[in-house]
Each structure stands twice: as C-alpha cells, then as structure tokens.
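Accompanying notes for the structure given below.
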Amino acid sequence: MNKHSKNLSAVSADKKGKDPSSRSTRRGFIKSSSAAMAAGVVIPNLIVKDRAFAANDDTIRVGLIGCGGRGTGAASQAMKADSNVMLTAMGDMYSDRLDVSHNALKKAAEDKIQVAPDSKFTGFDAYKKVIESGVDLVILATPPGFRPMHLRAAVDAGKHIFCEKPMATDAPGLRSVIASAADAKAKKLALVAGFCWRYNFARRALYDKIHNGDIGDVRSIYATYYTGPVKPMPADDTRKAGMSDLDWQVRNWYNFTWLGGDSLVEQAIHSVDKIAWCMNDEPPVKAVATGGRQTPNNSGNIFDHFAVYYEYANGLRAYLGSRQIAGCHNENNDYIHGAKGTAEILGGRRVIIRGEEDWGYRGANNDMYQTEHNELFASIRDGNPINDGEWMSSSTMMGLMGRMAAYTGKEITWEQAMNSQERLVPEFFEPGMELPIRPMSMPGVTPFV
C-alpha cells in the first residue's frame, strides 16, 4: 500500500461521510480483487454485467484533459479497459470541443460517462480543475506543448496518468517531463505513454526476437513515415475577426512548432520510437538531418519533410525518412539489417524476419490503443503500476534532436540536445494574449540555442 492509495480511500470515504479508517484500503481491495478474478470469482460491484453501472469506493474515477479526437478515443478505451471505471470530469480550452467529445462518449458508454455540468471545465486552467475534481487517473491529450505543465500538475497531485505522445516540444519541457516521470515512479503512480506501437503484439514479438539475437548484431535501421498532410493549415483569411493569436494557433496546433513539435516530433515520432526500441533505448551519440517545406502552409511554421541520420556509439546508423505531402508515395515501414538476417515491418500486421530461420508473425492482431489502457488499469489493480517515463522521454528527445539538426543544419550531439536552452513554449498564458508566430526555420541560418 502506498500513500496515494490511502488518499484515494480517504477521499471516497469522506464523500459518503464515513470514517476512512473503518474500511479496507483501495489498494488492498484491488489486490484481492485481482487474485479473485484470476481464480474465476466474481466480485460484487467490481464485475458489472448487464446492469446499470454504479460507482463505489473502488471505482477508478477518470478525468479527461484535452477533448479532441485522440483524447476522446483514449477516454473511450479507458472505459472499456476496466469493469469498474467511470469518467467524472472533462477539461478543454474550448466548450465546443468538450461538448462534442462528451456527446460522443455518452453514445459509446452512457452508464460510465458520469460528468456533471459542474465537472466540465474550460479555459487554460481547466486541467487544474480536472485534477482537483477528485479523479484518480487523468488522460493528458492536449496539444503536446502543454504536456510538461499538465504532467507536472498531475504527478504533484498524486494521479495515475495516461500521457499522449510526444511528451514535450522543446528541451526545457522535456527536462521537466524527465523529472515528473521520476517523481511518478517514486510515488508508485502509473504512467503509460501514448507510443502505441510498444503495445502492439506483432511488434513486441519482432523486437523480442531481435533483442534475442535472431538477426545477429544490428548493423543499420531504415524507418519510413511517408504520408499525406495530417492537419492542413487553413487559409489565413478564414481566421475570424477578433480571434486572438493564441486561439488561432491553438485551434490549429499541429501547424505550429511550439504546440505540436513539427511533423517529425508529433507524427514520425512513432518511427523514431521504433528505432529507439530496436536499440534497447540506448540514445544515439549525434544526429545530422535535412528538412524543409515544399508546399505552402499559410501562417504555419512546420516542415513537411525530414531525413534524419542518427549515429550510435558502436558506429551503427539509423535513418529516418518522413514526408507529409499529397500525391506522393506513401509507406510506414521499418527495415532492420543484422549480421545474420533482416527484419521488416511492412505496414500493419506483416512483420517478418529473413535469415538463418525465416519467421513471420502469426499471433493475435490486437488493438494496440486498447491494450495501452488494458495494461494501464491492470497494473493499477495489481499494485504494480507501469511507468514508461524513461523511454518515453528518451524517444521524445530523439525526435527533438532530429528536428534541431534539421532546423539548424548542424550536427547535434545528444548532450547538446539534452541541454538546449531554446524555450519554444510561452512561460505564461492569458486570454487574448499576443503571440507572434515564429518564422519558419532555415537550415544554415537558424541558430542552435
């Protein structure tokens, strides 16, 4: 049992006017419940079948922070991950997005969506209000630029966390995330990252084989993330009269580096993470990169293509190519060459090894997004909370390192990237604030900070 468990039990008891010391702790109940479920025993109020869902002292109460598509999807998956879970609070900067999300979630899991009108929070401080609302777990799914601030608040408040990727959009934010993740581990808080491929069964099987030596020593890695535009920037003349700089950028967050991190850090980061996974999360020594913008992006300031070359201490080089331009060749593959064979991930389920003994994945094709939440909630119930903090931070820094190299045109070492003082995210926010758009970076001109 940890301090957090005691606090959760006390909160539940106090809400009903009962003495917290007179009941078993939440963690104790969870452990006994897990053991009973393993033995096939049904626990009243924990296993809910064909009846209206009712909260009880051992319900895991969830708060959603960031009500866009990814946040709504994550909340829906959380509701399916455990039989005794309830969404009780929601927060977003904008009421329209919150309402759309709430309506969608109610249609999918009406009994488990118990968000009262006074538990719907909007504005910049919505995240604080969700965290303070009595929830046990928060889903952090706002634009990534806000992630370090929200993660810090959630850990300080002793909440379990599902944290979407990437974890930060600049090095100061990433250093904050590293500290928060360490504190979460010390507090025995669950922290699951939205790097969804780590929860895909086929890829787990492949990387297990690679790490077990099935293709010999890894000699090179080539990862691709070639796709069309993800969230095109609207024309500047569609901006409504009176809309503030901040609202314009947050509404179109993907197209601004401080909010989304750029296409490399926000989307192709999945391929960066698979490179890191292949290398057992050993960070590269340095990176060189190219990148730029081929297609107009109105007032946005992100690149639409990158090529990053990571070099490791043993001389191995990993190559990442990414592009988000319409009408081009698309693929999202991984090609790993070893001393005794090759491993390939070719799109969705096709995962193969060619070598001394050919192999192809034939196991279950799981929903990796759902598995993230299944394993998150199971770890809380089991009393052994998952903490993805170290590797999720390292993978994010690899993405930031590649972007720094492409933006500046310089060779960037791991130490330089980790210690960069460039702060992209404003240090404070207020409604209607002026926020000039940073010019698009130009290799050879943009300095490394």
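Worth pointing out:
- Some residue of segment 90-107 being closer than 19 Å to Y369 by Cβ and surrounded by fewer than 19 Cβ atoms within 10 Å (Cβ to Cβ): yes
- Only a single item in (1) surrounded by fewer than 24 Cβ atoms within 10 Å (Cβ to Cβ); (2) in a helix (DSSP H, G or I); (3) touching a residue at least 60 places away in the same chain (Cβ under 8 Å) is not met by A179, and it is number (3).
- The single condition among (1) aliphatic (A, V, I, L, M); (2) over 30 Å from V85 (Cβ atoms); (3) out of contact with any strand residue (DSSP E or B) (no Cβ under 6 Å at 6 or more places or on another chain) that V351 does not meet is (3).
- Residue among G315, G347 that is free of Cβ contacts under 8 Å to residues at least 12 places away in the same chain and on the phi > 0 side of the Ramachandran plot: G315
- Subset of segment 224-275 that is of a type in the set (F, W, Y) and within 29 Å of R203 (Cβ to Cβ) - its residue that is surrounded by the most Cβ atoms within 10 Å (Cβ to Cβ): Y225
For every residue, the table says whether it meets (1) at pLDDT 95 or above; (2) aliphatic (A, V, I, L, M).
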{"residue": "W391", "(1), (2)": "yes, no"}
{"residue": "S394", "(1), (2)": "yes, no"}
{"residue": "A406", "(1), (2)": "yes, yes"}
{"residue": "E427", "(1), (2)": "no, no"}
{"residue": "E434", "(1), (2)": "no, no"}
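- Selection of segment 192-210 for residues being of a type in the set (G, A, S) and under 11 Å from the mean Cα position of the chain (by Cα) yields A193, G194.
- There is no residue in segment 216-223 that is under 27 Å from I325 (Cβ atoms), in the same structural domain as D247 (by TED's automatic domain parsing) and either modelled with pLDDT under 95 or charged (D, E, K, R) (or both).
- F448 being assigned to a loop (DSSP other than H, G, I, E, B) and of a type in the set (F, W, Y): yes
- Test: residue in segment 170-178 that is within 30 Å of G360 (Cα to Cα) and in contact with a Ser or Thr (Cβ under 7 Å, 6 or more places away or on another chain): no
- Within segment 362-373, one or more residues are within 21 Å of Y225 (Cα to Cα) and touching a helix residue (DSSP H, G or I) at 6+ places or on another chain (Cβ under 6 Å).
- Search result, residues across segment 191-223 that are assigned to a helix (DSSP H, G or I), aromatic (F, W, Y) and buried (at least 19 other Cβ atoms within 10 Å of the Cβ): Y199, Y207
The values are calculated or read from the model by the stated rules, or taken from the named source; none is laboratory data. In this text, all values refer to a predicted model and were calculated from it rather than measured experimentally. Reconstructed Cβ throughout: ideal geometry from the backbone, glycine too, with neighbour counts over all protein chains shown.
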